[in-house]
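Data first, discussion second: the structure below is written as C-alpha cells.
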Amino acid sequence: MNFDEIIDRRDTHCAKWDKMEPIYGVPRDTGIAMWVADMDFRPPAVVQTALQNMLDHGVYGYFGDDSKYLGAIQWWMENRHGWNVEQDWIFTTHGLVNGTAMCVDAFTKPGEGVVLFTPVYHAFARVITAADRKVVECEMVNNKGRYELDFDSYDAQMTGNETLLVFCSPHNPSGRVWTKDELAQVAAFAKRHDLVLVSDEIHHDLVMPGHTHTPMALIEGVADRLVMMTATTKTFNIAGCHSGNVIIPDPKLRAIFAERMAAMGLSPNSFGLFMATAAYSPEGATWVDELVLYLDGNRRLFDEAVNAIPGLKSMALESTYLAWVDFADTGMAQSEFTKRIEQTAAIAANHGPTFGKGGESFMRFNIATPRARVEEACNRLRDAFKDLQ
C-alpha cells in the first residue's frame, strides 16, 4: 500500500473535504481537512476486490447467509484481541453512532442520566440529548498532558438517576490506551452505580507500537452489564459503509437489545457486510500492521513540530490517528487560536469544546493523511504562531 499517494477527495461527496469551507470557512482549494475521523487512504486490496466481485455479479439483492461474515468477526476478535465471541452475541448496526443511539434507546428511559468521561467523542452527547436523556459529564483529570480518571469525584456526582455509562476505549480524542487496572476501575464504578456499560472500542486496532489495548470484555465481573461496540470502519477506512458490531455477551441485555432492533426494523447493508468479511482476514491484518507503522511516523512528525511551538502541547498519542493539541499555554482565547488555525493556516480541525468539559483549550487534528500533507500542516501551524517563537 502506498500511503504517500495524494488522493484528491474534493467533489466526491466527501464530508471531510467538501464541507470544510461551509462549516469552518477554510478554502476548499487550498485548505487542509483534518477534522472528520476518516483517512485519506484507500482500503486494503482485499476489500476493493470484494466490491469488484459484487459489481461483476451485478445483482444487489438482500444479504442472506451471514455465517462467513460472523465468522470473520469471530476470527478477528480472537486472533487480534484474544477475545472469544459467540455468533449469537453479535448485532449489526448502521455504524456505531447508531449503535450508541440504540443502546441509549434500549437501556435507558427519557430523563435518565447517561455518564460520559469528558472530554470525549462529541456524537455521544448529541444522541443522548436528542433522545431526551441527561448527559452527565464526569470530567477527567489532565495530569501533565495525560488523562486520568477520578472515581472519588465521579462517585460524588452520581444521583441515582444514571442508568448507562458510555466509555471510549481507546479514548477519542486523546488517544489514551487504558490500562487493565483502569478498565477494572471503570467496571467497578459501573457496578457500584448499577450502570449498563457500553464500551466503544472502534479504534481498538489502531494502537501505536509499545502499547496494548485490552478489550473491556476481558475484565472479570463485568459481563452481566457489558455492551461491546467494535467496527471495521475506522480500522480499514470504510466508514461510508455504515456498519458496526454491537456485541452483547449477557443474554438478558441481548434480549432487550434484540427487541429494540426488531421494533425498528433494522437490517444491515449488504455492501458493508461484504467489505467487513473481506477486511477481517489475514490480508486485512497485514494492511493494518503497515498502516499503524505509517500513522506512527505521522504522529512523531506532527508531535515534534507542534511541541516545538511555544504554548502548544500535543498529547502523547497512544492510539487512533487523532492528535489532541492543547493551546492553553498560549494565553489566547479559544476564538483567537481557532482563528489562526482556520484563517491563517487554512486547516479545518475539530473544536475542543464540542467534546465536553475539559476540551475548552484544545483542537483535534486528524493525521491519517499522506505524510507530505502532515508536513505542510506543520509548516502552516509554525507560521500561524510564529510570533510565539
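The values are calculated or read from the model by the stated rules, or taken from the named source; none is laboratory data. Remember, predicted model here, so these are calculated numbers, not experimental data. Using ideal geometry, Cβ is built from the backbone for each residue, glycine included, and neighbour counts are taken over all protein chains shown. These accessible areas exclude ligands, DNA and RNA; they are computed on the full protein's heavy atoms, side chains included. Shrake-Rupley method; radii C 1.70, N 1.55, O 1.52, S 1.80 Å.
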| task | Look at the stretch 102-115 and say how many of its residues are under 19 Å from residue 169 (Cβ atoms) and either more than 19 Å from the chain's Cα centre (by Cα) or surrounded by fewer than 21 Cβ atoms within 10 Å (Cβ to Cβ) (or both). | result | 1
| request: State all residues of the stretch 111-146 that are in contact with a Pro (Cβ under 9 Å, 6 or more places away or on another chain) and free of Cβ contacts under 8 Å to residues at least 40 places away in the same chain; if no residue qualifies, say none. | output: 131, 132, 133
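Specify which of the listed residues (273, 266) is closer than 30 Å to residue 66 by Cα and outside any helix (DSSP H, G or I).
Values: 273 fails: outside any helix (DSSP H, G or I).
Answer to the check: 266.
Would you call residue 98 over 27 Å from residue 315 (Cβ atoms) and within 19 Å of the chain's Cα centre (by Cα)? Steps first, please.
On the way: over 27 Å from residue 315 (Cβ atoms): yes; within 19 Å of the chain's Cα centre (by Cα): yes.
So residue 98 passes the test.
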| task | Say whether the condition of being closer than 26 Å to residue 98 by Cα, open to solvent by 10 Å² or more (accessible area, probe 1.4 Å) and not in a loop (DSSP other than H, G, I, E, B) is met by at least one residue in the stretch 243-250. | result | no
| message | For the structure I just gave you, tell me whether residue 276 is in contact with a Ser or Thr (Cβ under 6 Å, 6 or more places away or on another chain), open to solvent by less than 20 Å² (accessible area, probe 1.4 Å) and either at pLDDT 95 or above or on the phi < 0 side of the Ramachandran plot (or both). | response | yes
| request: Please enumerate the residues belonging to the stretch 328-344 that are in contact (Cβ under 8 Å) with a residue 60 or more places away in the chain and crowded, with 18+ Cβ neighbours inside 10 Å. | output: 342
| task | Please identify the pairs in which a residue from the stretch 75-89 that is among the aliphatic types (A, V, I, L, M) has its Cβ atom under 8 Å from the Cβ atom of a residue that is outside any loop (DSSP other than H, G, I, E, B) and open to solvent by 90 Å² or more (accessible area, probe 1.4 Å), counting only partners at least 6 apart or on another chain. | result | 85/78
| request: Among the residues of the stretch 332-368, write down those that are within 16 Å of the chain's Cα centre (by Cα) and closer than 24 Å to residue 4 by Cα. | output: 349, 350, 364, 365, 366, 367, 368
| field | Scope the stretch 297-327; condition surrounded by fewer than 16 Cβ atoms within 10 Å (Cβ to Cβ), outside any loop (DSSP other than H, G, I, E, B) and touching a residue at least 40 places away in the same chain (Cβ under 8 Å); matching residues | value | 297
| task | Mind listing just one residue for me: the one in the stretch 116-141 that is in a strand (DSSP E or B) and open to solvent by 70 Å² or more (accessible area, probe 1.4 Å) and, of those, farthest from residue 319 (Cα to Cα)? | result | 134
